[in-house]
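Down below is the structure, laid out as structure tokens.
The values are calculated or read from the model by the stated rules, or taken from the named source; none is laboratory data. None of the values given here were measured: they were computed from a predicted structure. Don't worry about glycine lacking a Cβ; one is built from the backbone with ideal geometry, like all the others, and counts go over all protein chains shown.
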Amino acid sequence: MSEIKILRGDITLLNVDAIVNAANKSLLGGGGVDGAIHRAAGRQLLEACLKLNGCETGDAKITAGFELPARHVIHTVGPVWYSGRQNRSALLASCYRRCLEIAQQYNLKSMAFPNISTGIYGYPKREAATIAIGEVKKFLANNALPETVIFCIFNSENYEIYAELVRS
């Protein structure tokens with residue numbers, strides 16, 4: 001039986017099979033959670049990401065976790081809210097689905113997601129959380145792995161949104 005947990009904290013400190021990185025298309029580091037993960041994982045993460053040749057919006061790729069407590073990092077590229085794309089919600093849903101598929105493919109039992117696309121990419125927080133929780137619940141209803149999915153929320157505003165949506 002799979003479970004969903006909401007945790008307020010720093011995703012780089014979690015001892016799970018994989019953490020998800022809200023990356024940019026280059027996968028070479030940036031601001032927010034992406035920068036924090038790259039700093040905590042060390043230079044080897046950048047070297048591993050260079051070999052992946054980037055990632056398209058809505059897709060995901062996996063690397064080792066290097067100096068992180070997490071064994072792996074699953075990098076996904078969320079949509080930019082103001083990009084003019086009409087399929088933003090489908091792309092955001094695809095980010096969560098692809099990460100879950102990779103976790104299953106690698107037999108990962110535990111993983112943690114940050115808030116994908118809600119920082120500098122400007123996706124409305126409540127809408128993004130609704131998509132995230134919906135995709136995770138749908139996936140877990142039909143798959144044995146991962147057993148535990150954590151939404152690791154850094155700030156109180158997003159934490160309250162996720163806690164409310166998971167309860168309902």
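Can you report the number of residues in the stretch 16-30 which are closer than 12 Å to Glu56 by Cβ and without any contact (Cβ under 8 Å) to a residue 40 or more places away in the chain?
Selection size over the stretch 16-30: 1.
Identify, please: which residue in the stretch 96-128 is among the small types (Gly, Ala, Ser) and crowded, with 17+ Cβ neighbours inside 10 Å and is, among those, nearest to Trp81 (Cα to Cα)?
Ser117
Could you grab the pairs with beta carbons closer than 7 Å, sequence gap of 6+ or different chains, first residue in the stretch 86-110 and more than 15 Å from Asn142 (Cβ to Cβ), second one assigned to a loop (DSSP other than H, G, I, E, B) and acidic (Asp, Glu)?
Within 7 Å, the pairs are Arg98/Asp59; Leu108/Asp17; Lys109/Asp17; Lys109/Glu147; Ser110/Asp17; Ser110/Glu147.
Against the condition free of Cβ contacts under 8 Å to residues at least 60 places away in the same chain, among the charged types (D, E, K, R), within 19 Å of Ser117 (Cβ to Cβ) and surrounded by 15 or more Cβ atoms within 10 Å (Cβ to Cβ), how does Arg71 come out, does it pass?
It is false that Arg71 is free of Cβ contacts under 8 Å to residues at least 60 places away in the same chain, among the charged types (D, E, K, R), within 19 Å of Ser117 (Cβ to Cβ) and surrounded by 15 or more Cβ atoms within 10 Å (Cβ to Cβ).
Name every residue in the stretch 115-168 that is touching a Ser or Thr at 6+ places or on another chain (Cβ under 9 Å), of a type in the set (D, E, K, R) and without any contact (Cβ under 8 Å) to a residue 40 or more places away in the chain, in order of residue number.
Lys125, Glu127
Taking the residues in the stretch 1-48 that are under 21 Å from Tyr123 (Cα atoms) and part of a helix (DSSP H, G or I) as candidates, determine which candidate is modelled with the lowest pLDDT.
Filtering first and then ranking leaves Gly32.
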